[in-house]
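As structure tokens, the structure follows; a few thoughts come after it.
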Amino acid sequence: MAKKKTAAQEPPAKKRVKKQPGTQAYEKRLLQMREDIIHLVRENQDNETENEVGDEADAATKSSERELLFELSDNERQSLDAVEAALRKINTGVYGLCESCRTKIAVARLKAIPHARYCINCQSRFDSPRS
Ligand SMILES: [Zn+2]
């Protein structure tokens, strides 16, 4: 998958947002993670609404995006937030940068946690109460 980019300079006049190069694999994983979280919740919902009649089911589908957020556990919601934040970062070209100190997050860390928001230093600072 080596894409050769010889003329990489974009004309500054064009404000077309370009996805950050080299993030395709992460994006794919992030999208998959998002799917998984949403799918998980949807399945729970489907089981609950199975007995409803057609019209009500249609209405339920329309509002499900909103309701989805309420169905999420704190943990799932946090993951979803982080995943979506990471996807936004890919679109704005800042993916892989620590949100706190703006240094590059180690590739090994991103491979393990593609939605990591902070570098390992900042994260450990946040994790330990003494800082
Ligand atoms: Zn940092």
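Annotation note: Cβ proximity below 8 Å between a residue of region 36-54 that is closer than 21 Å to ARG77 by Cα and at pLDDT 75 or above and a residue that is hydroxyl-bearing (Ser, Thr, Tyr) and not in a helix (DSSP H, G or I) (sequence gap 6+ or interchain) occurs for no pair. Beta carbons closer than 6 Å, at least 6 apart along the sequence or on distinct chains, pair a first residue in region 90-116 that is exposed (fewer than 14 other Cβ atoms within 10 Å of the Cβ) with a second that is part of a helix (DSSP H, G or I) for CYS101/CYS122.
The values are calculated or read from the model by the stated rules, or taken from the named source; none is laboratory data. Everything numeric here is computed off the predicted structure, so don't read it as measured data. Quick reminder, even Gly has a Cβ in these numbers, built from the backbone with ideal geometry, and neighbours come from all protein chains shown.
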